[in-house]
Amino acid sequence: MATNGVLDARERGATLSRLATERFDVLVIGGGITGAGAALDAASRGLRVALVEARDLASGTSSRSSKLVHGGLRYLEQFDFKLVYEALRERDLLVSKLAPHLVRPISFLYPLYKKVVERPYVGAGLALYDAMEGTRRPVPHHRHLTVRGALKMAPALSPTRLAGAMLYYDAQVDDARHTLTVARTAAAHRAVVATRVSAVELLRGPDGIRVTGARVRDEETGHEVTVAAEAVVVCAGVWTDLVHELAGVRAGYRVRMSKGVHIVVPREAVRADTGMIVRTEKSVLFFIPWGERWIVGTTDTDFSGDRAEPAATEEDVDYILAAANRVLAQPLRRSDVIAVYAGLRPLVAAAGEANGSKPTTKLSREHVVDVPVPGLASIAGGKFTTYRLMARDVVDAAVADFGREVPASVTDQMPLLGADGLAAVRAGAGRLAEDYRVPRATVEHLLDRYGTLAGEVLDLIRADPGLAQPLADGHPYLRAEVAYAVTHENALHVEDVLMRRMRLFIESADSGTGVAGEVSTIMGRLLGWSRRRRAAEARRYLDLVAAEQTAPAIGPATAPRAVLAGATAAG
Ligand SMILES: Cc1cc2nc3c(=O)[nH]c(=O)nc-3n(C[C@H](O)[C@H](O)[C@H](O)COP(=O)(O)OP(=O)(O)OC[C@H]3O[C@@H](n4cnc5c(N)ncnc54)[C@H](O)[C@@H]3O)c2cc1C
């Protein structure tokens, strides 16, 4: 039986005591998209599931991606047909059925520079890309564009050497919001989801071999408890090797980290009505429309630093600007850059190859499942787009020796929370606006973020009309969304709200530091924080932003630092 899928941060105590007292079929370690997907897959098969996440849902790679749900055009060139085929199927399933409120089609213009040879080559690739999608088409077919057509859609492109363009379609998503929604859907199927809880030891049964659960630590208090489970599933992304070490096992693969950096620039800095993808020496560069901004990236370099807070360097930003400026008529400057963020790809390498010389651009994006000892299944690699298949495969491996029949995965038939009935709720947006006495634009903003759950946010506004106010000037987020992040989305700290429940960290020139105090006040009212605690929580966010942005000097002069200093004095 499904429940309502509410993750209420105020109920954290009850969640932790369930972890300690119940016996689970599956314990999932890691609350990125893979772990959230595994929890949903297992819970929807009728299994008793717990998920522990050391920090916040999606705080690892799953909030730092290019935010594309795509087949991966460039993998066709690497003849990775299986990966492309599977990813396209998943893309279409998400757009049409599982998450139409979160995953939306997006067009990409692919400029051509070599007369004669390039068009047939790219055209054939795109024809194959489209053909792999099958006959039901939730996203449009690709098109050929002349030079004039290309410049009309993307006046920002330099006409020099331009020989025409192709236009094709993929999809995009708010990666952190999607991960959260998958975790909430798992909770709706009775999974216990606990954040800021780390697995610190894996337990063995009486035979000394089978893994039978984990000792976990509440990172808020340091308190440790034991979670008993028939199988443990490791979905720890770039932390996977460390979790294998906790278990004292050697898995058949290791994870190699590759850093990818994106910059964020204002929409008016690049005049184009479509996303763009351009070739670089090593790979490709995307210009991805993101509300009033562009996300531009990415890089692909080996990484061995701090997994939790990978920082971008001056060289990363210079590389992206140089690659972008090769195709733009009006170059992007450092002062155009609003934000920079870095993420780590958890690429799989054979055990001996982890530190090898194979460039990370060439390492497989396919996923690998391993069962190094009974009771322990682990997965790494893959892509955000294919999380549902990854989840299915790792849960299949985990339950294979349960000695009883476990139903097959059903997630291909299960719309995520907020998806069911979306068309009707969208059609009634005007009526909702009247009923709740808010502007229609507010309802549409909420529908785009919460789907049919938008009414839950509107209910908070009805109870406290002050929450209808915008949180930050020039951004569509409402104060009610901060409250909702606590009462329904398990936000425990200011950074959970500003970095992941909403995306001011990457969307605002001050990274959201200017509203950290306000967010802390709204959260504090609900979570019973003292004045001192509220100031400390705001301060904690400022420190985190400062740590994440140590590297490149970006943006208009010293604006972000001025805000940071001001907030420091206030806090
Ligand atoms: C720059 C970049 C761009 C990308 N772009 C795309 C894209 O456009 N499309 C696409 O499909 N894919 C993309 N990807 C890939 C995709 O983002 C990743 O494959 C995916 O997010 C990995 O998710 P995950 O759950 O495996 O790992 P993560 O999201 O990192 O989750 C692992 C979690 O495990 C937790 N954890 C670790 N140790 C413990 C412990 N001991 N106890 C409890 N919890 C623990 C961590 O805190 C973390 O939250 C991109 C990746 C990068 C880096």
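For every residue, the table says whether it meets (1) under 18 Å from residue 262 (Cβ atoms); (2) in a helix (DSSP H, G or I); (3) open to solvent by 50 Å² or more (accessible area, probe 1.4 Å); (4) modelled with pLDDT of 95 or more.
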| position | (1), (2), (3), (4) |
| --- | --- |
| 495 | no, yes, no, yes |
| 532 | no, yes, yes, yes |
| 541 | no, yes, no, yes |
| 556 | no, no, yes, no |
| 565 | no, yes, yes, no |
Check: Among the residues of region 257-271, how many are closer than 19 Å to residue 313 by Cα and open to solvent by 10 Å² or more (accessible area, probe 1.4 Å)?
Finding: 2
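Applying the selection to region 66-85, what residues are among the charged types (D, E, K, R) and either assigned to a loop (DSSP other than H, G, I, E, B) or within 11 Å of the ligand (Cβ to nearest atom) (or both)?
Within region 66-85, 67, 80 meet the criteria.
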Note to self: Checking the condition open to solvent by less than 30 Å² (accessible area, probe 1.4 Å), modelled with pLDDT of 95 or more and within 14 Å of the ligand (Cβ to nearest atom), which residue from 40, 109, 88 passes?
What the structure shows: 40
Check: Given the conditions (1) modelled with pLDDT of 90 or more; (2) within 15 Å of the ligand (Cβ to nearest atom); (3) within 30 Å of residue 393 (Cβ to Cβ), and given that residue 365 satisfies all but one, which numbered condition is not satisfied?
Finding: (1)
Check: Quick one: residue 336 ticks every box in (1) of a type in the set (Asp, Glu); (2) surrounded by 15 or more Cβ atoms within 10 Å (Cβ to Cβ); (3) over 21 Å from residue 291 (Cβ atoms) bar one, so which box is it?
Finding: (3)
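Take residue 96 and tell me if it is hydroxyl-bearing (Ser, Thr, Tyr), within 14 Å of the ligand (Cβ to nearest atom) and part of a helix (DSSP H, G or I).
Working: hydroxyl-bearing (Ser, Thr, Tyr): yes; within 14 Å of the ligand (Cβ to nearest atom): no; part of a helix (DSSP H, G or I): yes.
The answer is no for residue 96.
Here's the yes/no breakdown for (1) farther than 26 Å from residue 64 by Cα; (2) surrounded by 15 or more Cβ atoms within 10 Å (Cβ to Cβ); (3) at pLDDT below 90:
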position: 116; (1), (2), (3): yes, no, yes
position: 136; (1), (2), (3): yes, no, yes
position: 152; (1), (2), (3): yes, no, no
position: 160; (1), (2), (3): yes, no, no
position: 170; (1), (2), (3): no, yes, no
position: 175; (1), (2), (3): no, yes, no
position: 178; (1), (2), (3): no, yes, no
position: 190; (1), (2), (3): yes, yes, no
position: 193; (1), (2), (3): no, yes, no
Notebook entry, point to check: Of the residues 104, 119, 91, 143, which single one is basic (Lys, Arg) and without any contact (Cβ under 8 Å) to a residue 40 or more places away in the chain?
Noted result: 143
Notebook entry, point to check: Within region 43-57, can you find the residues that are within 6 Å of the ligand (Cβ to nearest atom) and either open to solvent by less than 10 Å² (accessible area, probe 1.4 Å) or without any contact (Cβ under 8 Å) to a residue 40 or more places away in the chain (or both)?
Noted result: 52
Item checked: Residue count for region 183-224, restricted to those that are within 12 Å of the ligand (Cβ to nearest atom) and of a type in the set (Ser, Thr, Tyr) -> 2
Note to self: within 27 Å of the chain's Cα centre (by Cα) and in contact (Cβ under 8 Å) with a residue 60 or more places away in the chain: which single residue out of 156, 191 fits that description?
What the structure shows: 191
Note to self: Tell me yes or no: at least one residue of region 128-141 is within 16 Å of the ligand (Cβ to nearest atom), within 29 Å of residue 507 (Cβ to Cβ) and aliphatic (A, V, I, L, M).
What the structure shows: yes
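If a residue must be β-branched (Val, Ile, Thr), open to solvent by 10 Å² or more (accessible area, probe 1.4 Å) and more than 8 Å from the ligand (Cβ to nearest atom), how many such residues does region 225-253 contain? Don't jump to the end; show me each part of the working.
First, the residues of region 225-253 that are β-branched (Val, Ile, Thr): 225-227, 232-234, 238, 240, 243, 249.
So of that shortlist, the ones also open to solvent by 10 Å² or more (accessible area, probe 1.4 Å) come out as 225-226, 243, 249.
Right, trim to more than 8 Å from the ligand (Cβ to nearest atom) and you get 225-226, 249.
So the count comes out to 3.
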Checklist line | Residue among 349, 377 that is more than 8 Å from the ligand (Cβ to nearest atom), modelled with pLDDT of 95 or more, in a strand (DSSP E or B) and not basic (Lys, Arg) | finding: 377
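Per-residue answers, yes or no, for (1) open to solvent by 30 Å² or more (accessible area, probe 1.4 Å); (2) at pLDDT 95 or above; (3) in contact with a Pro (Cβ under 7 Å, 6 or more places away or on another chain):
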site	(1), (2), (3)
444	yes, yes, no
449	no, yes, no
452	yes, yes, no
459	yes, yes, no
463	yes, yes, no
471	no, yes, no
478	no, yes, yes
481	no, yes, no
Margin query: Can you pull out every residue in region 58-73 that is crowded, with 24+ Cβ neighbours inside 10 Å, within 25 Å of residue 231 (Cβ to Cβ) and out of contact with any Leu (no Cβ under 8 Å at 6 or more places or on another chain)?
Written below: 62
Margin query: Restricting to region 13-35, name every residue that is near the ligand (Cβ under 6 Å from one of its atoms) and assigned to a helix (DSSP H, G or I).
Written below: 33, 34, 35
Check: Out of 313, 298, 274, which single residue is crowded, with 16+ Cβ neighbours inside 10 Å, modelled with pLDDT under 95 and either closer than 21 Å to residue 158 by Cα or away from the ligand (no atom under 15 Å from the Cβ) (or both)?
Finding: 298
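Can you find a residue in region 143-150 that is among the β-branched types (Val, Ile, Thr) and within 16 Å of the ligand (Cβ to nearest atom)? Please lay out each step first, then the result.
Restricting attention to region 143-150, the residues satisfying the condition of being among the β-branched types (Val, Ile, Thr) are 146-147.
The next check asks that each one be within 16 Å of the ligand (Cβ to nearest atom); those that pass are none.
Checked region 143-150: no residue is among the β-branched types (Val, Ile, Thr) and within 16 Å of the ligand (Cβ to nearest atom).
The values are calculated or read from the model by the stated rules, or taken from the named source; none is laboratory data. All of these numbers come straight from a predicted model, not from anything done at the bench. No Cβ is skipped: glycine too gets one built from the backbone with ideal geometry, and neighbour counts run over all protein chains shown. Areas reflect the complete protein model, heavy atoms only, side chains present, ligands, DNA and RNA absent. Shrake-Rupley method; radii C 1.70, N 1.55, O 1.52, S 1.80 Å.
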